[in-house]
Structures are given as structure tokens and as C-alpha cells.
Amino acid sequence: MSLEIRPLSERERLLVLDWLEREEAPPGREFAAQKDALAREQDAGELWGLFEDADPVAFLAGGLRKDGVLQVRADRRRRGYGRRLVRHQIDALRADDSCCLLDILCEPADSIPFWRKMGFTLYGGSCAFKRLERRFEVPRGAEAIAVRIRSFPDFVLRTGELVDPLDEFRPDAVILPGGNIQLAERVIFFAGPLNRRYDLVVKIEAGGRERVFDRVTSDAAYAVGVSEDGQANHFLDRINDPPLAEIPSRR
């Protein structure tokens, strides 16, 4: 038996629709939604299948997003095919560094144990996220510096209220020639519980000095080193010291 993961052709998409329709008798609203999703994501180049001896037995439409669909044919479940598709997608995202955070909807609810096994963290009842961590080599002999990075809801800027951070990071870091600070691991900000990324505030301190305390989407945050991936998630690899005079373009 041979297994392969690749994009679905038009003919193979129709084969998948055939077994989807057979599994849902009579075809209802869920089948109609899946049919639309497969056509839409194939047009966008986001329809991948797992093939068993050239037979499509599982698919991932729309990637690992809230509107994505992962399905394994009923007679091929519990063989690890769903895990293979998810790992393939994660490996591809890591390889091109186009996304640093996955945010999905766990539906149906009985899929939650599966996503937990895949390293996702549940929040909001039916949603789950996973940071795609990245580590960096730091120069040997470089001076270490203490770094503290926290995120908050944006009302702290308006009210000055002291609240517990949503996240706190204390990555190892060193001072590079010229004064910039390299983190040993990527800091990935997550605003999922807020529902709106622009409501997230970041506070970045290094060497006991505040470098920025502002919205993650602000020019001040970008000047100090916050970047945006291809999915509008924000991360920090390096702290600019001094902050850049020209704001780097969004990725």
C-alpha cells in the first residue's frame, strides 16, 4: 500500500464528493457546505488530499483555519490519515515561514481530543490555537540581556488599570553588535480570546527598560521589531535598539 499527499484534481474532487454524499444519507446542509468548500478551496489552491494507492480517502480544504475542513472517509478512519494531513500542512507552513499561528474551529465537538493530540490548545469552548515555534542560534560570547514581553487587552491603555497579562514571555536573549537584541526563540502573540487582533496591546521590556507599550498593530510596535506573518498574526524575533526610524513594511 502506498500513501501520498498532494493537491486534488477536478476528477479526484468529484470522487471525494461521491463518498461524502454516500456517507450522509440523505445529503443535507453539511454536505452542501462541504461541496461548496471543496470547489472554493480547489480554485484557491487549498485543497489537499491523502491518497491510498491513488484513491483519495481524506482531504484538507482551506488549510488549518477556522473555515477549514478536515475529513477522512469513514472506512479509513483510525489509521492516522487525519494526523498525516495536519502534520503535512504544519511542516509546509514551517518550511516557508508564512504563518506563525494556527487558529481553528473544532467542529464537531468530538474532534476536540484529536486536535489536543495535535498540540492545539482549546479556548472559547470550541476554538483551538497552536503556535508554530521557531528557535534561533545566538552568537557565542554575546552579552545576555533580560527580556520580558507581555500582552494585554487594549483597555489598559485607556484606563491605566493594572490587570494580569494575557501572555507573558521571558525568552533568552543577547545583545548583537550595534545594540539590537536577538531572541533565542520567536515570541508569537495571540489575541484569540479578544476576537480582534487590533485590540491586543504589547509591552516589551529589555534590560529593565520599557521599549514599547502600545497596540500590537501600532507603528511604535513595528518600529521596535514586531512583525506580521501572511495571516495577520504578530510575532517578535528581534528587538530594535534604537527603534527603526522608518517603519518596516508589513509582510
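The values are calculated or read from the model by the stated rules, or taken from the named source; none is laboratory data. From a predicted model like this one, the values you see are computed outputs, not experimental measurements. Every residue, glycine among them, receives a Cβ derived from its backbone with ideal geometry; neighbour counts consider all protein chains shown. Side chains included, ligands, DNA and RNA excluded: accessible areas come from the protein's heavy atoms. Shrake-Rupley method; radii C 1.70, N 1.55, O 1.52, S 1.80 Å.
Taking the range 194-244 as the region of interest, the strands (runs of 3 or more DSSP E) fully inside it that hold 1 or more residues being within 16 Å of Gly178 (Cβ to Cβ), under 23 Å from the mean Cα position of the chain (by Cα) and among the charged types (D, E, K, R) are 234-239. Is it the case that some residue within the range 1-18 is closer than 18 Å to Arg77 by Cβ, more than 26 Å from the chain's Cα centre (by Cα), hydrophobic (A, V, I, L, M, F, W, C) and assigned to a helix (DSSP H, G or I)? Yes. Could you check, for the range 180-187, whether at least one of its residues is farther than 14 Å from Gly225 by Cβ and in contact with a helix residue (DSSP H, G or I) (Cβ under 8 Å, 6 or more places away or on another chain)? No, because not a single residue in the range 180-187 is farther than 14 Å from Gly225 by Cβ and in contact with a helix residue (DSSP H, G or I) (Cβ under 8 Å, 6 or more places away or on another chain).
Taking the range 198-210 as the search range and keeping residues that are open to solvent by less than 50 Å² (accessible area, probe 1.4 Å) and out of contact with any Lys or Arg (no Cβ under 6 Å at 6 or more places or on another chain), which one is modelled with the lowest pLDDT? Out of the qualifying residues, it is Asp199.
Checking each residue in the range 139-170 for being surrounded by fewer than 16 Cβ atoms within 10 Å (Cβ to Cβ) and in a loop (DSSP other than H, G, I, E, B) picks out Pro139, Arg140, Gly141, Ala142, Glu143, Ala146, Gly160, Glu161, Leu162, Val163, Asp164, Arg170.
Of all the criteria given as (1) in contact with a strand residue (DSSP E or B) (Cβ under 6 Å, 6 or more places away or on another chain); (2) exposed (fewer than 14 other Cβ atoms within 10 Å of the Cβ), the one not satisfied by Phe213 is (2).
Just checking, which of Gly160, Gly207, Gly141, Gly119 is touching a residue at least 60 places away in the same chain (Cβ under 8 Å) and out of contact with any helix residue (DSSP H, G or I) (no Cβ under 6 Å at 6 or more places or on another chain)?
On the way: Gly160 fails: touching a residue at least 60 places away in the same chain (Cβ under 8 Å); Gly141 fails: touching a residue at least 60 places away in the same chain (Cβ under 8 Å); Gly119 fails: touching a residue at least 60 places away in the same chain (Cβ under 8 Å).
Gly207 is the lone residue from the list that is touching a residue at least 60 places away in the same chain (Cβ under 8 Å) and out of contact with any helix residue (DSSP H, G or I) (no Cβ under 6 Å at 6 or more places or on another chain).
Taking residues in the range 71-93 that are over 18 Å from Ala37 (Cα atoms) and modelled with pLDDT under 95, and partners anywhere that are open to solvent by 70 Å² or more (accessible area, probe 1.4 Å) and aliphatic (A, V, I, L, M), not one pair has Cβ atoms closer than 8 Å while being at least 6 places apart or on different chains. Annotation for the range 184-196: no member residue is open to solvent by 50 Å² or more (accessible area, probe 1.4 Å), touching a residue at least 60 places away in the same chain (Cβ under 8 Å) and over 27 Å from Ser126 (Cα atoms).
Residues in the range 19-45 that are open to solvent by 70 Å² or more (accessible area, probe 1.4 Å), within 15 Å of Arg76 (Cα to Cα) and either assigned to a loop (DSSP other than H, G, I, E, B) or not basic (Lys, Arg) (or both): Glu23 only.
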